[in-house]
Every structure is written in C-alpha cells, then in structure tokens.
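See structure below.
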2 protein chains.
Amino acid sequence: MYIRSMYSKELLKGTLTAIILKLLAEHEKMYGYEISQHVKELTGGKIHLKDGSLYPALQKMTADGLLSYKEEYIGKRVRKYYFLTKKGQKEKVAYLEELKDFIGTLNKIVFPQLKSI
Amino acid sequence: MYIRSMYSKELLKGTLTAIILKLLAEHEKMYGYEISQHVKELTGGKIHLKDGSLYPALQKMTADGLLSYKEEYIGKRVRKYYFLTKKGQKEKVAYLEELKDFIGTLNKIVFPQLKSI
DNA sequence: GAATATACATAGAATTATGATGTATCAAAA
DNA sequence: TTTTGATACATCATAATTCTATGTATATTC
C-alpha cells in the first residue's frame, strides 16, 4: 500500500527539482528517505514524494551535475548522502527564481484579487 | 517560428485546465485564440499557450463534460465559442481550490520566509 | 501582392511522476 | 521468536500532459 498525495500528480511536475535543490541548500547533506520525510512534514502530509519519483530524480540530478553524494553505512545499511555541487548551487538560484516568478504569474491569472507575492 | 514561454513546459502541467476554467468563469464565452491572447496579455507574455497545447486541451475538457461550445461564423471563418457546462462550473471550484492550496504549500517549502497566501 | 495576424487542427516526441514490484536491514511489538 | 512496520535503496512500464512541427484557410495591413 502507498499514500497518495492530495494533489494531482501533474501539478508537481517541474517543481520536484526545485524542492530538492532548496532543501539541500538548507541542509548541507541529506539522504533520499530523509528528504521525503522532510517534505511530508513540511507540507503536513500534503506532498508525499513517492520512491518511484524521488530516487530517479536524485539520480537524474546527479547525472546532470547538480548533485553529488557519498555513501555512509549505518550498521549494514547504506545511505546515500546527497549534496549540492558548485553547479547545483548556482542553478538553484535560477530554478527558484523561475518557480517564484511562475507562482506570482499564476496568482495574477487565477487569484487577481490577491496582492502579488 | 514560435514564441517560447519563459517557463519550462513542465511547470505549466496541471495548471492549464484551471486557467481555462477560471477565464471561462469570468467571460461567459471565449474562443481558443481569444483565450491564448488573454493569457498572454494577463501575464505580460510570460505564459504563451501554444496551439498544440490549447486546442487539444479544449477538446479534452469538452469530452470530459466541463465545456461545451457553439460555432459562429465571422465572414467565412469559423470560431468555436466555448463556455462552462454545469459540471464545469462545479468542478471549477475544486480545481481552483486545489491549485490555490498547492501554491500555498509550495510557498511553505520553497519560500518559508513569506507569509502563506 | 506579399506579409502578418487570425483561427482552427492533428500527430509524434519529450518529459516526468506514478504504480508496481523487488531487495534488504533494523526495531518493536505480539 | 516471529512477525509487523519502518527504514533505505532500486528499476521498469505506464500514464498524463505539453510541446514541436506541420497543415489548412481566411482576413487584414502594408
């Protein structure tokens, strides 16, 4: 059994990379399971990153040079601690700016009665 | 040649239906080209709905029972004026609530220094 | 008359989160 | 002690949606 996010999966698209970049910018290093727990807590369970989304995303971001990782063993169990590369630190800014601007733009269309953020 | 939106196409995913529902809730009836122009103006050119996105979306929403349309002729050129069905009016509320909540949640993760909206 | 804007359409490609499934360790409860 | 649930990673096929590219045709403006 798995827990379903309260949002349609399409809404998440394009935001996962920004979320990961943001968390890693704040935490120095995190492992996958820790990231998913953190997001779940931060959002009151509203966003639940699935294994099938998170681990491939981390791998892709690593392949793209945004992240690197080192393995640590807790007993016999391996953890991959991910951290931002120089490139990841730089691109984080652009990703978050784009997302921020996009949210502002969406608000303008959908909730014009609200002040822009 | 075509105009590229300033956002990665993935960011738009899941928002197009909500945007269309919102505009049609405000305008009674609109045709496709009019919707795309309206969005372009509203967002200062930041969101440019492509033909290949907009027309299939309108068709899908019609198939899903959210929209209906009637054709009008301007000279020899046809326009399809779309409008919300009863179902579309009802589901609009849920779509926009979900989007609003999602934006609020995203803000909590990515811009925790800002007040929630 | 040529270029641009209006107005619709479809098909294939690309992207990305998901669902399903698998492996394995560890802690706690029954 | 066995079994349940949590921890921790992984891969693959599928689904969903937008985009790119292309096509057709009319209307307007230069």
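Before moving on, here are some points about what is shown:
- Loop chymotrypsin sites (Phe, Trp or Tyr not before Pro), region A:1-84, which have at most 13 other Cβ atoms in a 10 Å radius of their Cβ (DSSP): A:TYR2
- For region B:21-117, the list of GluC sites (Glu not before Pro) that fall in a loop by DSSP and count at most 12 other C-beta atoms within 10 angstrom reads B:GLU28.
- Label point distance in nm, A:GLU26-A:ALA94, each placed 7 Å from Cα along Cα→Cβ: 2.4
- For B:ASP51, the distances from its label point to the matching points in the remaining copies are 4.6 nm, ordered from shortest, with each point set 7 Å beyond Cα toward Cβ.
- Chain A contacts chain B over a buried accessible area of about 3400 Å², both sides summed; the probe is 1.4 Å and only protein chains count.
- Among A:LEU12, A:LEU54, A:LEU106: highest mean-square fluctuation, GNM of chain A, C-alpha pairs under 10 Å: A:LEU106
- Only the Cβ atoms of Lys and Arg (+1) and of Asp and Glu (-1) were treated as charged; on that basis the dipole of region B:6-100 about its Cα centre amounts to roughly 160 debye.
- Whole-number percent relative contact order across chain A, with pairs defined as alpha carbons under 8 Å at least 6 apart: 27
- Crossing angle, helix A:51-63 versus chain A [Cα axis fit, 0-90 degrees, rounded to tens]: 80
- Between copies, B:VAL93 shows label-point distances of 4.6 nm, shortest first, with the point placed 7 angstrom from Cα along Cα to C-beta.
- The rotation axis taking chain A to chain B passes closest to the C-beta of one chain A residue; that residue and the distance in whole Å read A:LYS13, 2.
- Pairs exceeding 21 Å between alpha-carbon atoms, taken from A:LYS13/A:LYS50; A:LYS22/B:LYS50; A:LYS22/A:LYS100: A:LYS22/B:LYS50.
- Note: the protein assembly as shown, Cα convex hull, 151 Å³ per residue.
- Over chain B, the Kirkwood radius and the radius of gyration, each from Cα atoms, give a ratio Rg/Rh of 1.01.
- Per-residue ellipticity at 222 nm, computed for chain A from helices alone with -39500 (n - 2.57) per DSSP H run of at least four residues, works out to -17500 deg cm²/dmol.
- Placing a label point 7 Å from the Cα of B:GLY104 along the Cα-to-Cβ direction, the distances to the matching points in the other copies come to 2.2 nm, shortest first.
The values are calculated or read from the model by the stated rules, or taken from the named source; none is laboratory data. Since this is a predicted model, take the numbers as computed values, not measurements. As a convention, Cβ positions derive from the backbone with ideal geometry for all residues, glycine included, and neighbour counts pool all protein chains shown. What goes into the accessible areas is simple: the full protein's heavy atoms, side chains included, and nothing from ligands, DNA or RNA. Shrake-Rupley method; radii C 1.70, N 1.55, O 1.52, S 1.80 Å.
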